[in-house]
Amino acid sequence: MIICHPLKLIFIKTKKVGGTSFEIALSSYCDDGSIITPISPKDEESRRELGYPGPQNHQTQTWPDGNEGTQAFFNHMTAGQIRAAVPQDIWESYTKITIWRDPYDAIISRYYWERMDKRDIPFDQFVGHFRSVLSENRRIAPLTGPNSPDIFLRYEHLEEDVNALGIDGLWTRFSSLSAKGALRPKRGADPATVFAAHPDTADLIEQEAADEIARFGYARPVATPGPVTLNRTSAAISGHPPSGSGAAPGPRPDFIFTLSAGRTGTAWLARFLGENLNIPSVHEPFGLDDYGTRLPSIGHMRRFNTYGMNGPICDFWEGKLGELQAPYAESNHTLGKCGLIESLVEHGLAPRSTIVVLRRDLAKQIASYINRNDFFNITVPWQWYLHPTYPNKIVDPTPLKHLGDVGTAIWYALEMEARYAYYKALYGDQLHFVETTLEEATTPNGAAKLLRALGHTRHAKLPPKTNASPQNNHITDTLIAEVETLLSRINFNAEEAAMSFIQRGNRLDVPVPPRQGGTIGKIAAE
């Protein structure tokens, strides 16, 4: 995205609309104080060769009135996030523009951009599993309301609409660029041909994108005869071998990740998955160069739970997910607390991924945190857990503050329970969630059940316990009993807390509006 002070213009960058080329062209009008967010290295090289300004002021700013800021601006930032980050007079006086595209055409472009055809994922299944893409640009640039842009440039009429802006030379510079070249085949991938083969998918788009179809006058593509290249067999989706290969029924994911609070058996799970599925299976990557690249840093954890999916978080996930090779499993519990689920959906990996929600007896889990003093030193929750001072949280920690570190440990466990419910409610139709507990999974029947949920029917091997803490049994039993007593006095429902959070319009991947900072899930003590 760009804030161009000389033109008094804010460019809100939507997806699969030629936005990068427009961004490069627009940057040529920016002065030293304008805000330009980074794009891909290849596109940055193109911008440098043209002699246009590159990324600048996207982490610290000096505004035209002389005031300084430390807001983080990033690619595909939503209009609401931009509005919250810029001075009010700039938002109100600058012209906000974006680019819009026919949803029937845009979803085909996204299909090939995500290389779903190379993964043998059928077009209709991609759209069905990845429905959030259909509303993604409306989330970035709402059609109506206080965050709506002033001008929508139509992808299908860009020359007309760009020239209408009255910016001398902009169309010439823009039309000469071709950033992110097309990956679509030249034949058989036009909307009329594709939707002739997938009329139900056209129905879905007509329903999901009704507002923009009506506003911009888009029409359902008219069927024309010809070859169809997207009609692939569904047997190959998510790495399934073709029928008749002797493979076990059920979804076999390319990628397996874990949603868990930690101290729940994630190290054991990593070994279990590796030994039983015969795939690379990582617990927590601890190499010297892994912090901040494969393993989130303290900064990533704190930023996500304060600002949501801001620039550094997006960069972390771009790098981490970009290097993964299927099949792969990782039970690193920190990932689910700094954007794992959002990033799998954003990067198109949701149809290929399974999320194992791994729990443990809640009292034993909390007692483990207390016994290890996990919440005594602030750096431990910053790196591995969560902290009640974070703005982005579902559960209100206030009723537990009088319990000190014990209360923090209880709050954290309940916050994670609410986050499991939050992610299943928002993304349950896009991701395959499998739920188990440490107590169940470490039994022969429970292990076999978990393997079946992952598409395997082979005999389950049970590795020994991993990463268990040496503890005095008497102290542990007493502590567990005390935690159970405290939990029995708390009236808490994770699903209700998550749904209340969602229905208020809150999301973990965006900053909490100041007016909503206190309206979070309540814990009632008896």
Space enclosed by the convex hull of the alpha-carbon atoms of the range 149-220, per residue, Å³
131
Leaving out ligands and nucleic acids, and using a 1.4 Å probe, what accessible area per residue does the chain come to in Å²?
44
The percentage of the accessible area of the range 95-134 (probe 1.4 Å, all protein chains present) made up of carbon and sulfur atoms, to the nearest whole number, is 37
Counting only C-alpha contacts under 8 Å and six or more residues apart, can you give the relative contact order of the chain as a whole percent?
14
In degrees rounded to 10, the 0-90 angle between helix 298-307 Cα long axis and the longest Cα principal axis of the chain is 60
Candidate lysines - alpha carbon under 17 Å from residue 401, same-chain residues fewer than 8 apart omitted:
393, 522
Going by a ≥ b ≥ c, the root eigenvalues of the Cα gyration tensor, does the range 331-388 fall in the rounded group (a/c under 1.5), the prolate group (a/b larger than b/c) or the oblate group?
oblate
Taking amide H atoms as placed 1.01 Å from N in the peptide plane, list the residues 5 or more away in sequence, or in a different chain, whose amide H sits under 5 Å from that of residue 435.
357
In Hz, Karplus ³J(HN,Hα) per residue of the range 331-341 (6.51, -1.76, 1.60; θ = phi - 60°; x = Gly, Pro)
9, 5, 6, 5, 4, x, 10, 8, x, 3, 5
Tell me, what % of the accessible area of the range 337-422 is carbon and sulfur with a 1.4 angstrom probe?
53
If you take the Cα Rg of the range 357-486 and divide it by 2.2 N^0.38 Å, with N the number of residues, what do you get?
1.20
So what is the 222 nm mean residue ellipticity for the chain from helices alone, if each DSSP H run of at least 4 adds -39500 (n - 2.57) and you divide by all residues, rounding to the nearest 500 deg cm²/dmol?
-11500 deg cm²/dmol
Below 8 Å between Cα atoms, with a sequence gap of 6+, how large is the relative contact order for the range 292-431 in percent?
28
Tensor-based shape of the range 251-389 (alpha-carbon gyration tensor, a/c under 1.5 rounded, otherwise prolate or oblate)
oblate
So how exposed is residue 93, as accessible area in Å² (1.4 Å probe, rounded to 10)?
70
Helix axis angle, 266-277 relative to the chain longest principal axis, alpha carbon, degrees
80
Mean projected area (nm²) from the convex hull of Cα positions in the range 17-166 is 10.4
I want the antiparallel fraction of DSSP beta bridges within the chain, as a percent rounded to 5.
30
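The values are calculated or read from the model by the stated rules, or taken from the named source; none is laboratory data. Small disclaimer: the values here were computed from a predicted structure and weren't measured. What goes into the accessible areas is simple: the full protein's heavy atoms, side chains included, and nothing from ligands, DNA or RNA. Shrake-Rupley method; radii C 1.70, N 1.55, O 1.52, S 1.80 Å.
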